[in-house]
Each structure stands twice: as C-alpha cells, then as structure tokens.
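Every number in this text was worked out from the coordinates using simple rules, so none of it is lab data. Predicted, not measured: the structure shown is a model, and the values here were computed from it. Ideal geometry is used to build each Cβ from the backbone, glycine not excepted, and the neighbour counts take in all protein chains shown.
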Amino acid sequence: MDGTPLAASRGGVDVNGLIGRHRPGGPLERPFYVSPEMFAADLARIHYRQWLFVGYAFMVPKTGDFFTYQVGTASVIVVRGTNGDIRAFHNVCRHRGSRICSTESGHAPRLTCPYHSWTYDLDGALLLDTMREFGVERATLGLKPVKLIDAGGLLFLSLADDPPDFSEAAATISRKMRPHRIDKAKIAHQVDYVVKANWKIVFENNRECYHCVPNHREYNIAAYDVQRDQALTDPVMKAKMDGIVERANARFRALGLDEGDAMSTMTGAFWRCHRTPVVEGFVTQSMDGKPLSRLMGDIGEWDSGTLRTTIFPNFWQHTNCDYAAAARLTPIAPDETHVRAWWLVDEKAVEGKDYTIERLLPIWDITNRQDWAICDAQQAGVSSPAYVPGPYSTVRERNVAQFVDWYLGEMRS
C-alpha cells in the first residue's frame, strides 16, 4: 500500500508544490492542516507506509484472541496464533472483499467471513477447498499478511510492502522496556478522545513544552520539562539540571536501568526511547509525588524515572516505576484525530488495593484534556484564511521543527 504522488486536482491544492517549497526548520502552511488532498497524501505517504503502534501483546493473551485497528480505509486484524505467535492480516476476505471481523476485539478459533462463510485458520490460510468450484488453489487465497513487530510487548505494524527499517528502534525499546514488563502489564483504564484538530497539530503539541507554563500546572509538578528548556539558555539552571541528572543516573545505574538525561530529543529520526528523572522528592509522575500503584514488572525500587517512548507518526508513552500512560493517534479527517489513551499497571495490581482510578487518572487525563483544548483552538485559527505561520523558537520548539522536517522528508520520498 505504498502511496503514489498526488498532483493538484481541479479546485484543490498542489500537494507536491507545497511540499517542494517548504523551507527546512520552518512551520507548515495552512493547507497542510485543512486540505482534503493533503490529508489523503498524509494517509498514503505516512500512515500507509510508516510503522504504527496498534496495541499491546497482552491484549491477545490466548490463542484465537484478536483485535482490529483501522486507519483510513485500511483495517487490520491482530491475532494470537496456535503456535503462540502474534500475526497481523488485512481484514479483507479473499473472496468478495467483505470485512471479516466487525468487532474491535474478540475471540475466535478461526476467522470466518460473515458474507459467504469463507473460513481462515489463525495463520491466515484458507480452509475452504476452492479448486473444484472456483478453479483456484486455496493456497493462493490466504489472508494478506501485514508486517508486525513486537517490541517489548508493544505492537507495531506497517502496511507498506517495504517499510522503513525499524530494527534499531525495536531492539532499543525492547531492551529499555524489559524491566517494566509491559508484555505482562494490563489496562487499568482506557479513554477515547476525539480532538478537533489535524493529527500533525496534535503531534506538534506533544513535541514541545513552550506551552506548559501557561497550560499544564499539574504536569509541571512532576516533570522537569520547563526547567529543561530554561537550561538551554540559563547557565545557572543548566548547572542545576546537570546535578539532578547526575544524581538520577547514579540511582538508575544502581537499579540496573539505562541512564538518561533531562532532554526530549529524539533517539533516531522518527523515534525516541530514553529515561528522564521525575522531580526530586517524587517517586513517580503523580499529583503529589506518591505511588499510584504497585511497582511494575521487575522494577525493584521507587523513583526509577520515566521512560519516554515516542514513535512518529502515532504513539507516545511515559513509563514510570508503577504505571504507564500512553496515547495512540489515528487520523480521521483533515481537522479531526482520534486519540486512545491507556493507563497500564502491573498484571498483579488489584484495583481498590494497589491502585484506584481516582488517583491514577488525574495527572494525565487533565494534561490530555488541556492539550486537546489547545489543539482545537489552534486548528480553528489555522483554518482561518488570515493564518500565516509564524517562526519557531530555536530553543523551545526545536523538536517541533525536527518533527516537521521528518514529515516533509517522508512526504517527498
């Protein structure tokens, strides 16, 4: 499903022209956020080609357990096979093209199309003998596979025939996530948000904390993002942050964890996975700095920092010592994005004993809703014919520029 270049349509925008005249390091013009033609190009060149986070391995614990994910017009089935492997297939029957699984999740010993009952094994093989009636060998009519990678319990898929190299990202995420045992975690809570903004606006907002001081009082309590930005231009704050990071890394080393820093730069061109300290005196990202659940996986001590994981174009997760908060973005329309948020806890955590939803949710649910309001307002402004993009801060919006440059690079390829 690799996308093909989109030329200007009558009455539409010149997609390739807009992409070609963009200057590196600068903001995007209005049509990138409002044009139907640009939205179609985003799907074809980004979401149908890149690696997308779809869910967690623990969501399909038993043979025959499945869930589905749709982006654009593409629907995918993720299923646990009889040999224990997790596979992904296009949710399209090889007979007349009907959807096979109509529910978001479920369990089935086999995958059966509801239209004419064509039935497939969990490895995608067609079970119907088609030679006599249809004149085609059934071996040629199995479900079309989709490339899937399990990175430490996080599942990523690509709809492309030849997707970008994901090996370094997968290996690093698997290694750094291992102590938290996300593969053995469980969902404590899930919230679906519909943001009235283009998916790029949502991701750009995630890539900076310039907006944090006036908008995220709760988030700022437990994180050093604002101080981190200040340290880039203030030698006194830099020395203070260096000391905080040095003390945190000594603690991480003693716990057998990877070291980190206070920055939010990307590890690779389209991904990051690094540990940052929580505010001194806190043991986790919470409203009061106190634990929100039992320790996750093999984490043996409190105050083990936050493992920040980001994958362009649709995922980020903050993994603490006792819980993880994640977001999966799915574009719906030029001005609409679905965000599914998860709160994960250790598989042995008991609600009401180890954690409560009332304490677990606030710091991220409040922050999420604040961000979505910001994104809604930006989309409304960007949609105005009066909108002309202003300059990025070279200090506090450098990661936004990096995201935009990555995006344009992929749109050109």
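Which whole-number percent gives the relative contact order of the stretch 52-159, counting Cα pairs below 8 Å spaced six or more residues apart?
27 percent
Would you list the P(r) distribution for the stretch 52-159, with all Cα-Cα distances sorted into 5 Å bins from 0 and each bin expressed as a whole %?
Percent of Cα pairs in each bin: 2, 13, 25, 25, 18, 10, 5, 2, 0.
For the stretch 4-96, state which trypsin sites (Lys or Arg not before Pro) are in a DSSP loop and have at most 14 other beta carbons lying within 10 Å of their beta carbon.
Those satisfying the criteria are Arg10, Lys62, Arg96.
Of Lys176/Lys290; Lys200/Lys240; Lys176/Lys196, which pairs sit farther than 25 Å apart, going by alpha carbon to alpha carbon?
Lys200/Lys240; Lys176/Lys196
Give me the mean projected area, in nm² to one decimal, of the convex hull enclosing the Cα positions of the stretch 209-251.
With the hull built on Cα positions only, its mean projection is 3.2 nm².
What FRET efficiency would be calculated for the residue pair Leu127, Asp162, taking the C-beta separation as r and a Förster radius of 25 Å, to the nearest 0.05?
Here the calculated transfer efficiency is 0.25.
Given q = 0.15 Å⁻¹, what are the Debye log10 I(q)/I(0) values for the stretch 180-412, with equal point scatterers placed on the Cα positions and solvent ignored?
-1.08
Return the lysines within reach of Lys62: Cα separation strictly under 16 angstrom, same-chain partners fewer than 8 residues apart disregarded; answer none if there are no such residues.
Within reach: Lys184, Lys186.
If contacts are Cα pairs under 8 angstrom and at least 6 residues apart, what is the relative contact order of the stretch 291-413 in percent?
So the answer I get is 18 percent.
Taking 0.36 nm per residue of separation and subtracting the Cα-Cα distance, what length does fully extending Arg369 through Arg253 add?
Net length gain for the segment: 38.2 nm.
Quick check on the chain: take the gyration tensor over C-alpha atoms, sort the square-rooted eigenvalues as a ≥ b ≥ c, and tell me if it's rounded (a/c under 1.5), prolate or oblate.
Note, shape of the chain comes out oblate.
Nearest 0.05, what FRET efficiency do Val191 and Val213 give at R0 = 22 Å with Cβ-Cβ as r?
Plugging the Cβ-Cβ distance into 1/(1 + (r/R0)^6) gives 0.30.
Using the basic label-point model (7 angstrom from Cα toward the beta carbon), what is the Arg110 to Ala139 distance in nanometres?
Once both label points are built, they end up 1.9 nm from each other.
How far apart, in nm, are two points set 7 Å out from the Cα along the Cα-to-Cβ line at Leu232 and at Asp288?
3.5 nm
Tell me the label-point distance for the pair Trp302, Glu336, using the 7 Å Cα-to-Cβ offset, in nm and rounded to one decimal.
According to this spin-label approximation, the distance is 4.4 nm.
Restricting to DSSP H runs of at least four residues, report the calculated mean residue ellipticity at 222 nm for the chain, -39500 (n - 2.57) per run over all residues, nearest 500 deg cm²/dmol.
-8000 deg cm²/dmol
Provide the gained length on full extension for the span Asp150 to Val279, in nm with one decimal, where the gain is 0.36 nm per separating residue minus the Cα-Cα distance.
Computed gain between Asp150 and Val279 is 43.3 nm.
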